[in-house]
1. Using the Cβ atoms and a cut-off under 13 Å, what net charge is assigned to the surroundings of residue 256, where Lys and Arg are +1 and Asp and Glu are -1?
2. Pairing the Cα long axis of helix 251-273 with the longest principal axis of the chain, what angle in degrees results, from 0 to 90 and rounded to the nearest 10?
3. From the square roots a ≥ b ≥ c of the eigenvalues of the alpha-carbon gyration tensor of segment 69-217, which class results: rounded (a/c under 1.5), prolate (a/b over b/c), or oblate?
4. Once R0 is set to 51 Å, what does the formula 1/(1 + (r/R0)^6) return for the Cβ-Cβ distance between residue 14 and residue 255, expressed as a FRET efficiency to the nearest 0.05?
5. Using θ = phi - 60° and the Karplus curve 6.51 cos²θ - 1.76 cosθ + 1.60, what whole-Hz ³J(HN,Hα) does each residue of segment 223-235 get, with Gly and Pro shown as x?
6. Using the Cα centre of segment 78-126 as the reference point, and only Cβ charges (+1 on K/R, -1 on D/E), how large is the resulting charge dipole? Debye, rounded to the nearest 20.
7. Using r as the Cβ-Cβ distance of residue 337 and residue 126, and R0 as 25 Å, what FRET efficiency do you calculate, to the nearest 0.05?
8. Which residue, 117, 46, 313, has the most motion in a Gaussian network model of the chain that connects Cα atoms within less than 10 Å?
Amino acid sequence: MNEFESLLRPNIRKLVPYSSARDEYKGNEGIFLDANENPFENGFNRYPDPYQHQLKDRIAQIKKVHADQLLLGNGSDECIDILYRAFCRPGRDNVILLPPTYGMYKVAAEINDVETREVSLDENFLPVLDKILPVADANTKLIFVCSPNNPSGNVIPEKFIVDLYNNFSGIIVIDEAYVDFCPQFSFVGKADRFPRIIVLQTLSKAWGLAGLRLGILIAASGWITVFNKIKPPYNIGVRTQELVLEKLSDKEQHTDQVKAITVQRDRLRNELLQLGIVEKVYPSEANFLLVKFSQANEIFEFLIRNMVIVRNRSSVRGCENSLRITVGTKEENDQLIKLLHDYQVKTSK
Ligand SMILES: *Cc1c(COP(=O)(O)O)cnc(C)c1O
């Protein structure tokens with residue numbers, strides 16, 4: 001890399017990575033007696049490609065970036081952990097989080113013994129630059145920006161991110177787990193202009209592959225070289241690579257499902273707004289709605305008794321009396337609305 005190498009932990013800068021059998025001989029043909037594998041073919045007796053070349057070529061095509069700008073993880077959660085291990089010296093460095101937001105940033109910080117400094121979003125779930133900048137110091141390595149934000153659903157404005165970039169010298173991580181529902185807001189493809197921005201995406205949401213576990217980190221290729229040294233050599237299994245490649249080929253189904261979910265989200269919002277028990281439906285560009293109710297805990301329990309499970313965020317600061325509702329199929333959403341109607345009738349008597 002690069003002018004920003006000094007942001008990395010010194011031990012990582014110096015790290016000589018594990019060199020796997022597949023690193024030392026890259027051919028596909030031959031008699032492989034180098035990795036202590038079982039020689040009897042069963043489809044899985046060989047180690048997977050440690051750099052997932054075929055899969056990355058396909059993802060690069062879809063995301064319109066170069067394959068060397070991609071790191072694949074066992075879910076985004078593995079990518080988040082790699083970021084901490086690359087940049088944050090345990091017990092010394094710190095990161096800034098903007099709550100209410102995704103809980104894993106903080107847990108991964110605690111696992112890595114990294115201090116978190118929290119600067120709350122405002123009442124519209126927007127970040128306030130003037131409150132964030134004074135909190136950063138020379139040891140602030142990462143700022144996590146989740147956009148669209150979980151659990152609020154709103155996009156963080158581009159202007160904020162650019163201003164933050166120009167006034168903060170560390171790494172900005174933009175978690176775009178839900179960006180397929182609003183692709184116009186993505187920061188992918190801007191690595192030349194913003195080499196200190198690292199984007200996280202996932203196949204767990206819009207692509208419908210939560211069970212396969214595939215997180216995507218997109219960054220300037222110099223960073224990827226470093227992260228490749230940190231990740232476990234064979235972190236994505238043979239079957240996952242095959243299945244994901246297969247699932248990614250149905251671009252049309254993906255587009256249709258995103259469209260259907262978006263239509264249902266807007267319809268669900270309208271129906272919720274008709275209900276007296278609903279105080280507010282926050283604007284969302286994602287596949288969920290944060291909804292403020294008159295009595296969120298009671299409604300949450302009522303829904304569970306009727307076999308509809310939503311996420312109760314009432315105990316999260318800034319989300320008082322709010323439930324996070326994932327957009328389901330039309331039929332599932334019908335059920336939810338009907339139950340909320342029933343609840344309203346029952347409690348207004
Ligand atoms: C769901 C979600 C993820 C996805 O994590 P995976 O480990 O890839 O399933 C990442 N970030 C946010 C904000 C999420 O809501």
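The values are calculated or read from the model by the stated rules, or taken from the named source; none is laboratory data. Nothing here was measured: the structure is a model prediction, and the numbers come from that model. For neighbour counting, all protein chains shown are included, and Cβ atoms are generated from backbone atoms with ideal geometry for every residue, glycine included. To get the accessible areas, we keep the full protein, side chains included, count just its heavy atoms, and leave off ligands, DNA and RNA. Shrake-Rupley method; radii C 1.70, N 1.55, O 1.52, S 1.80 Å.
1. Here the charged neighbours net out to -1.
2. With rounding to tens, the tilt is 30 degrees.
3. Values: a/c = 1.45, a/b = 1.17, b/c = 1.24.
In terms of gyration-tensor shape, rounded.
4. Working: r = 45 Å, r/R0 = 0.89.
After rounding to 0.05, the efficiency reads 0.65.
5. With the stated coefficients, segment 223-235 comes to 5, 4, 4, 5, 5, 4, 6, 8, 5, x, x, 10, 6 Hz.
6. Values: 5 positive and 9 negative charges, 42 e Å.
About 200 debye.
7. Working: r = 29 Å, r/R0 = 1.16.
With a Förster radius of 25 Å, E is 0.30.
8. Result for the chain, Cα springs under 10 Å: 46 fluctuates most.
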